[in-house]
């Protein structure tokens with residue numbers, strides 16, 4: 001069985017603050033993928049990043065960065081200099097290569113206030 | 001490409017009625033997934049198809065739910081009879097299949113969802 005835990009259900013920050021969204025996963029597989037999706041108030045799910053279990057390099061994309069730590073089974077997401085448009089629910093997800101299953105965490109609602 | 005298309009976008013119905021949700025995956029995609037999102041349970045995978053064949057329906061909550069994929073470009077999720085606890089947003093997603101491990105997962109593209117309200 002696999003599980004994704006996003007302990008922070010809701011985070012509120014003021015614009016321009018940095019914010020980190022935590023994600024911890026459990027899986028027995030040695031081969032897996034991790035994802036972050038964004039769900040803005042409009043409701044659609046927007047893909048942000050995919051990471052495979054053999055690539056622990058951190059990644060930066062503009063104001064977004066991701067820290068993958070296999071030793072602690074964590075895949076945290078940091079937004080630098082947050083903006084109001086970053087307000088959304090963010091989901092971390094784990095893909096089981098063998099079963100073709102995408103398991104989502106409970107999501108973290110981020111509110112960025114002006 | 002138009003992306004994954006779902007219809008209707010919103011559905012309001014009364015308890016006991018039959019509800020049919022529709023999905024058109026991205027052309028050429030081999031996999032199709034149905035998810036349900038609720039406040040209580042978050043995002044849950046209900047069922048997925050590979051080349052129109054249901055592969056895993058262990059997430060389907062009960063016999064009132066059924067899903068079909070008669071061809072590569074169309075799938076339905078039916079609830080009969082509907083109940084108020086079925087109220088949720090239902091997402092359809094599709095992805096490609098790849099032959100090599102390095103690309104053995106392809107990103108799932110999600111549709112806009114159908115917001116179902118059962119009164």
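The values are calculated or read from the model by the stated rules, or taken from the named source; none is laboratory data. Please read these numbers as outputs of a predicted model, since none were measured by experiment. We place every Cβ from the backbone using ideal geometry, glycine too, and count neighbours over all the protein chains shown.
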- Note on residue B:50: of the conditions (1) more than 11 Å from chain A (Cβ to nearest Cβ); (2) more than 23 Å from residue A:107 (Cβ to Cβ), unmet is (1)
- Index of the failed condition, residue B:68 passing every other in (1) under 24 Å from residue A:39 (Cα atoms); (2) more than 14 Å from chain A (Cβ to nearest Cβ): (1)
- Query: When you scan segment A:60-114, how many residues do you find that are over 17 Å from residue B:43 (Cβ atoms) and within 11 Å of chain B (Cβ to nearest Cβ)?
  - Reply: 2
- Message: Being at pLDDT below 95 and not in a loop (DSSP other than H, G, I, E, B) is the filter here; which residues of segment A:92-111 pass it?
- Response: A:93, A:94, A:95, A:96, A:101, A:102, A:103, A:104
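Pull up segment B:98-119, narrow it to residues that are part of a strand (DSSP E or B) and modelled with pLDDT of 90 or more, then point me to the one that is nearest to the other protein chains (Cβ to nearest Cβ). Steps first, please.
Pass one, segment B:98-119, residues part of a strand (DSSP E or B): B:109-110, B:114-118.
Cutting the leftovers down to modelled with pLDDT of 90 or more gives us B:110, B:114-118.
Details: B:110: 4, B:114: 10, B:115: 8, B:116: 13, B:117: 14, B:118: 18 Å.
The qualifying residue nearest to the other protein chains (Cβ to nearest Cβ) is B:110.
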- For the subset of segment B:8-19 comprising residues that are closer than 18 Å to residue B:68 by Cβ and loosely packed, with under 14 Cβ neighbours inside 10 Å, which member is nearest to the chain's Cα centre (by Cα)? B:8
